[in-house]
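No value in this document is a laboratory result; all are computed from the given coordinates. Keep in mind that this is a model prediction, so the values were computed, not measured. In this analysis, Cβ positions are derived from the backbone assuming ideal geometry, glycine residues included, and neighbour counts consider all displayed protein chains.
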Amino acid sequence: MIPHLVPLAALLISDALVLLGHGLLLTLLPVSASLLGFSDLQIGLTGSGYFVGFVVGCFTTPIILKRVGHIRTFAVLAALYTVLILFFAWSQSFIGWMLLRFMIGAVISGIYMIIESWLNERADAKNRGSILSFYAMMNLAMITLAQQLLNLSNNNIPMLFTIAGIFLSLSIVPVSLTLTLAPAPVKKIHVNFSKVWKHSHIGILGSVFTGLITGSFWSLAPIYAKDSGLTTFQIANFMSAVVLGGAIFQIPLGRFSDRYDRRLILTFIALAGAIISAVIFVTSFQSFYAGAVSTGLAFLWGSVGMTMYAICLAHANDNADSADFVDIGSSMLITYGISSAIGAPVASAFMSVFGHEYLYVFMALSFASFCGVLIVRRKSHVLPVVATSNEDFQAVAGMTTQEAFVLDPRSDEQERHESDVEFTTEVVFSAEPDVEDEEETQAEPNVGDKTSGHDKPVP
């Protein structure tokens, strides 16, 4: 795989530098807002601004790329991100922070799209899966490492903002100096919620619940950790452990879901998430919580909370033609982003009314609700436990853009290059019978019977 990555070295170095700066801000901004005296609800709303901005960036970046190309757009967005960081260091206004976090969401969405479309342009059918997996694991590793940058300065917030700005500014250099030709402009995002709903109800519902959970985590978990009495070093370890847990367990759980009914795997993941969230809530009140206990529980929580979306996406694609992968992924991405924007203020309301520990009550309820939905769906639409025709699982680099779905080796390459995708945001939930209704069964087939049941999993 290394020979395929060498021509992409400049791009990957820029990506790593962006993620170090951006990953640091994911934790630094909520903590800084708390120190400024923002309420939990206000901090949650600033987090919502970020996720709304991310969704908006998915729609607007292709227009900019068409006008000025990848390299200049990357330089402009990274420079703008650096300027926004400086404004954060000066501003003490809640409205100002809302606007700034919205702009950061739009900017980082554009940067991700540039990197992913560039990777897609340089990949071919033989190495596409390897490049996407490497990109996903590198992103998670850099965000994990970025949390440790908090330890470079104990409560010196301006210095940490400066460090983040330095990494964002340095990211411009490798891309600007590369001799590699920039890719062609990307297509506008195509959103068709009815298509995803037809192929997989669980895909859409999973995006909703995952967005509620991870949106509240990234917006409020640093505040929870700070209010729980964790030191700066312990907060860094807490946040790193969550991302590390997701990075380590995503591929093993994904491969396991290739062999069995993904809904069954998701049920166990959601149940485990509810139990771990409840344990974190209970132990938050104990004197021994800070330190090894909080870090260990955070790792376990990340192993389920940060892996659920990728398996939901894989399940949605199991019933789809390869030409539909990009549309399905894009629609689930938008659903995920909107749900993340909703989850942050709702979870902050729990914290404001009951206490910071109740962040994990909200998460436990979200996990448990999704678990209940999965159990009901699987009882009414029975499948063999052992799957015989699932698509191969593909790792996902956290919250990404639609270009990552184009890079996915499961998507149809000829359709990807030859079709002219129209831009539409029409939301239509089809009244036609979906796949589940056509393939409903009355009895549970024998476990391990690879010839019974259906050729394709049911949503």
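Classification of the stretch 228-290 by its C-alpha gyration tensor yields an oblate form. The axis ratio a/c (a ≥ b ≥ c) is 1.5 or more, and b/c is at least a/b.
Remark: the stretch 239-368 carries a charge dipole of roughly 320 debye about the Cα centre, counting +1 on each Lys and Arg Cβ and -1 on each Asp and Glu Cβ.
Inter-label distance, residue 79 to residue 162: 2.3 nm, where each label sits 7 Å from its Cα along the C-beta direction. Charge dipole (Cα centre; +1 on Lys/Arg Cβ, -1 on Asp/Glu Cβ; no other charges) of the stretch 1-125 amounts to roughly 300 debye. Each residue in 255, 263, 122 was given a count of other beta-carbon atoms within 10 angstrom of its own, and listing them fewest first yields 255, 122, 263. From the Cα gyration tensor of the stretch 1-72, with a ≥ b ≥ c the square roots of its eigenvalues, which class applies: rounded if a/c is under 1.5, or else prolate if a/b is larger than b/c, or else oblate? Oblate is the answer for the stretch 1-72, as a/c is 1.5 or above yet b/c matches or exceeds a/b.
For the stretch 195-290, build the charge dipole from Cβ charges (+1 Lys, Arg; -1 Asp, Glu) around the Cα centre, then report which of 264, 242, 232 sits farthest towards its positive end. Positive-most Cα among the choices belongs to 264.
For residue 253, neighbours were defined as the other residues whose beta-carbon sits under 12 Å from its Cβ, and their charges (Lys and Arg +1, Asp and Glu -1) total +2.
Taking Cβ atoms as reference points and 13 Å as the exclusive limit, the residues near residue 112 contribute a net charge of -3, counting Lys and Arg as +1 and Asp and Glu as -1.
Taking amide hydrogens as placed 1.01 Å from N in the peptide plane, the amide H of residue 260 sits under 5 Å from those of 387, each at least 5 positions away in sequence or on another chain.
Taking each residue as 0.36 nm, the span from residue 169 to residue 13 lengthens on full extension beyond its C-alpha to C-alpha distance by 54.9 nm. With both labels modelled 7 Å from their Cα along Cα-to-Cβ, the residue 342 to residue 180 distance reads 3.9 nm. Residue 31 sits among other residues whose Cβ lies under 12 Å from its own Cβ, and their net charge, with Lys and Arg +1 and Asp and Glu -1, is 0. Stretching the chain fully between residue 283 and residue 68 yields a gain of 72.1 nm (0.36 nm per residue, less the alpha carbon separation).
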